[in-house]
1. Points 7 angstrom from Cα along the Cβ direction at residue 212 and residue 191: gap in nanometres?
2. Okay, helix-only estimate at 222 nm for the chain: each DSSP H run of n ≥ 4 adds -39500 (n - 2.57), divide by all residues, round to 500 deg cm²/dmol; what do you get?
3. So what does the Cα-only Debye profile of the chain read at q = 0.10 Å⁻¹, as log10 I(q)/I(0), no solvent term?
4. Quick one: check the C-alpha center-to-center distance for the stretch 168-231 versus the stretch 99-159, whole angstrom.
5. Over the stretch 107-214, calculate the relative contact order: mean separation of alpha carbon pairs under 8 Å at least 6 apart, over the residue count, as a percent.
6. Explain nothing, just the number: relative contact order of the stretch 1-119, from Cα pairs under 8 Å at least 6 residues apart, as a whole percent.
7. Just rank 96, 214, fewest to most, by other beta-carbon atoms within 10 angstrom.
8. Rounding to the nearest 10 and keeping the result within 0 to 90°, find how far the Cα-based axis of helix 48-60 lies from the longest principal axis of the chain.
């Protein structure tokens, strides 16, 4: 960890928080991620070795603690009281970013793995009134092996599957990856996406009626952008 060589507490905090990938790791820990595999999905461009090193650094600083999982065969990661104090900073950074940096997606920003991780955190599995509901989301613009994803919503929990789970699908959704990101980000409303044919919806009537409650956008979607957006609806 590089030092600014200053006693200033802002400089000392920035030495930790401003290390590359650290803010994103803290973002996901604040959002509820605890497993290494979950944290990997939030920083897909960081190698496992680098992620492990950042977690060890945060542990050494007293920001993250590592615990044995229930099975005892792996570790889980949790914020300490010091780490939880980063939560309002993370939220404030997100609000600022949503307000001042939102613009048309650049090609290098269109990341399928990150979107699916974000959706898994944000969808509302209890939107279907206690019924198990399997939602299949397809991206026609993605390679065959990454084109289809399944969300199993059951008992107030959601499980994201990259292979067919063996249950009957209740709700089918299809979109391009950029349009799904615009939906999640709040640049494109669900109603506009359906009207404009940018989101196809098929399936059981009871599941379709619950789509708007289930497909929750980013918690920051309500923050109004100060940049003009060609995708606003």
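Coordinate-derived values only; no laboratory data. Quick caveat, the model's predicted, so the values are computed rather than measured. Neighbour counts are summed over all protein chains in view; Cβ atoms, including those assigned to glycine, are modelled from backbone coordinates with ideal geometry.
1. Here the modelled spin labels are 0.7 nm apart.
2. On the way: 11 runs with 92 residues, N = 233.
The per-residue figure over the chain is -11000 deg cm²/dmol.
3. Evaluating at q = 0.10 Å⁻¹ gives log10 I(q)/I(0) of -0.54.
4. With the stretch 168-231 and the stretch 99-159 each reduced to a Cα centre, they are spaced 10 Å.
5. Details: 168 pairs, mean separation 30.0, N = 108.
Reported as a whole number, the value is 28 percent.
6. Values: 97 pairs, mean separation 28.1, N = 119.
It comes to 24 percent, rounded to a whole number.
7. Numbers: 96 12, 214 20.
In increasing order of surrounding Cβ atoms, one gets 96, 214.
8. Around 50 degrees separate the two axes.
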